[in-house]
Structures are given as structure tokens and as C-alpha cells.
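Shown next, in C-alpha cells, is the structure this report addresses.
The values are calculated or read from the model by the stated rules, or taken from the named source; none is laboratory data. None of the values given here were measured: they were computed from a predicted structure. Every residue, glycine as well, gets a Cβ built from its backbone with ideal geometry; the counts of neighbours run over all protein chains shown. Note: accessible area is taken over every heavy atom of the protein model, side chains too, but ligands, DNA and RNA are not part of it. Shrake-Rupley method; radii C 1.70, N 1.55, O 1.52, S 1.80 Å.
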Amino acid sequence: AAKRSAGNDFVLYEPGLDSTTSTRKDTTAELAHAIEAGQLRTVYQPLIDLRTGRPVGAEALVRWQHPVDGLRTPDRFIDLAEETGLIIGIGEQVLNDACRQAARWVAESPDRDDLLVTVNLSARQVADDRIVDQVRAALAGSGLEPHRLILEITETVLMQDRETAAATLWLLKDLGVRIAIDDFGTGYSSLAYLRRFPIDMLKVAREFVDGLGRDAHDDVITRAIVELAGTLGLLTVAEGVETVQQSETVASLGCDIAQGFLFSRPVEADAASAIISASRIRGDLRALPAGMPR
Ligand code: C2E
Ligand code: MG
Ligand code: MG
Ligand code: MG
């Protein structure tokens, strides 16, 4: 953040812009290095079938294992990755990791035709030509059946650059993968888009699930989303389920799948595999909080 001006020894500080810019540059370089050095890892948060109580797979979520700071969550670096384009390489790694893991879960439980994995795609990834090849390569490299891979995008992705998004989603759909809308209800929703785009799943945003039973508004919205999804034949996932009451409410509303700290936090691949193959979560969901790993 310091500059030496020509001809004298004054050190000029431009605290606002300059320090921000240099921090940003440093962090960008650090992130680029982290990707090369293998510091980015993929963790998995189990998805629970609300009818059977069984884990049916997981959402893949990226983490940065920083050598000094420890584990960094995506809120610390995803926006920067998105702005700089580094998300393309990060996303490719997450896709490959997730497909390989899911193929392992299927190999361990060949009778389970419900097993799936979801992977987040950012706007930049959807706008990038390489995404279709990356997904195709991740499937080919892992042997994962395409329908078991669900790509999560947000409403914002659909609303920005609609033509490109539509074309890309249809190309992805042609590969046989499925598409989910993440954080549904928090963006600019145009319900018409649910028909125009090849959508298979809606993920009810955590902010609605959070207020269930406390905020009548959230009850109404969640019910409306689940009913809409049912009418359109889409799967529903309740995100951020933290309490038994929330789990029971979303189950009673007819939501298909739940995800949240009540069942498990995002965990390492091996821990996720153990949860997914265990199928101990069958039966009474009330029994969950005590028995489930956090
Ligand atoms: P998201 O896709 O909506 O992922 C769900 C986030 O909610 C995760 O945060 C997860 O840890 C958190 N979560 C799950 N259950 C609960 C709960 O019961 N309570 C609370 N308070 N939180 C819960 P995480 O892993 O920090 O990821 C944040 C966001 O970063 C993700 O939101 C997604 O938008 C983005 N992201 C994560 N991994 C990737 C990736 O590989 N690629 C891209 N493009 N974006 C990613
Ligand atoms: Mg997601
Ligand atoms: Mg989400
Ligand atoms: Mg999100």
C-alpha cells in the first residue's frame, strides 16, 4: 500500500483504493497459488430423503485449506474467484471430485438407485463455453451415471444473460444431468422460467426454512414453493434444516429432501461416505438429533 514518489523520500499512502487493490491482488495471487498447490478441497453435506429418512447423497461444497489461516469457507473467496475467473478451475476440480465420490458411493451401494450428488455452478461458469466439456469429462472420468449429477444454479444466473444460460442448460441437459435452482425464492423469480428452462429440482432457501413455525410468512412461502414444485413435477430440497420442528414441517408440507446441520454439517469425503452407506437414518426423524454426526 505504500509508494515512493519520484525525487524525494516521502511515502505516499492511499489508504482507500490502493490498499484494497493490493490486498485484492495479493489474495488473487494467493488463491491462484492455492489451486495449483492443491489447497482447495471438496466437502460434502448429506441430503436426507424425508420419506424414508435415508441419506440419498450430498451437496459438494468447496473449502480452502489455507496453510496459515486454516479452513476458509467460500464466503471468503468465491466472489473473488468469480470476478477473476479462477472459479473456472476451482469449479472443474469440485466437479471432478464430486463425480468421483458419488461413483464410489454407488459402487459401495449398487442397489441404491436414489444416490445423487449436487454441485454448485456460479454465473461465470454457466457463461463459460468450457462448462459443457468439463461436465462431460467429469462424468466420463468417474463413470458416474449422468442423472446422478445435479447442477445447482441460482435464479440470478437464469435472469442474467438469458439466451446463453438457456442454451448452456439445454446442452447440459442433453448430457443427462439434472438442474436445480439453489436458494429458490431469494432471487428475481419469474415462475415462467421454471417451464422455459430444464429445471428438475428446487432448493428452498435457508431463510424461509429458518422461520418455519415462527414466521407465518415463511410457512406460506415454503408451502407455496413445495406445491408449485409438485405441480411442475420437480423435486424439492429444504436447505438449512437445523431443528426437528423444521424437519417435520418441511416433511409434512411434502418436501422430498432435507439438508442442514440437524442431520450433518458438510464433512470430509470419507465421513460423507460413511453416512451415506450407513442408512441408519431410516425411520422416525425424531430420533435423528441424538444419533447423527454433526
Ligand atoms: P449454497 O450452495 O446455498 O450452500 C449451502 C450453504 O449453507 C453451505 O455454506 C452450507 O454449509 C450452509 N448450511 C447448510 N446447512 C446449514 C444449516 O443448517 N444452517 C446454516 N446456518 N448453514 C447451513 P458454505 O459451504 O459456506 O457455502 C456457501 C455458498 O458458497 C454456497 O451456498 C454456494 O453458493 C457457494 N459455494 C460453495 N461451494 C461452491 C462451489 O464449489 N462452487 C461454487 N460456484 N459456489 C460454491
Ligand atoms: Mg448450493
Ligand atoms: Mg443454497
Ligand atoms: Mg448459494
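In the set (1) within 16 Å of ligand 4 (Cβ to nearest atom); (2) in contact (Cβ under 8 Å) with a residue 24 or more places away in the chain, residue 208 fails one condition alone, (2).
Scanning the range 77-93 turns up no residue that is modelled with pLDDT under 95 and touching a strand residue (DSSP E or B) at 6+ places or on another chain (Cβ under 7 Å). Does residue 241 satisfy the criteria of being outside any loop (DSSP other than H, G, I, E, B), of a type in the set (Val, Ile, Thr), modelled with pLDDT of 95 or more and within 30 Å of residue 64 (Cα to Cα)? No: the conditions fail for residue 241.
Inside the range 117-152, residues that are within 16 Å of ligand 3 (Cβ to nearest atom) and under 18 Å from residue 43 (Cα atoms) make up a count of 9. Quick check on my filter: what residues within the range 183-199 are open to solvent by less than 50 Å² (accessible area, probe 1.4 Å), within 15 Å of ligand 1 (Cβ to nearest atom) and assigned to a loop (DSSP other than H, G, I, E, B)? Residues satisfying the conditions are 185, 187. Taking the numbered list (1) away from ligand 3 (no atom under 16 Å from the Cβ); (2) crowded, with 16+ Cβ neighbours inside 10 Å in turn, residue 232 passes all entries but (2). Checked against (1) within 14 Å of ligand 4 (Cβ to nearest atom); (2) closer than 25 Å to residue 104 by Cβ, residue 176 passes all but a single condition, namely (1). Taking residue 73 as the residue in question, decide whether it is away from ligand 2 (no atom under 16 Å from the Cβ), β-branched (Val, Ile, Thr) and surrounded by fewer than 18 Cβ atoms within 10 Å (Cβ to Cβ). No, not satisfied.
Which residue pairs have Cβ atoms under 7 Å apart, sit 6 or more places apart or on different chains, and have a first residue in the range 70-88 that is farther than 17 Å from residue 119 by Cβ and a second that is in a loop (DSSP other than H, G, I, E, B)? From residues that are farther than 17 Å from residue 119 by Cβ, there are no pairs.
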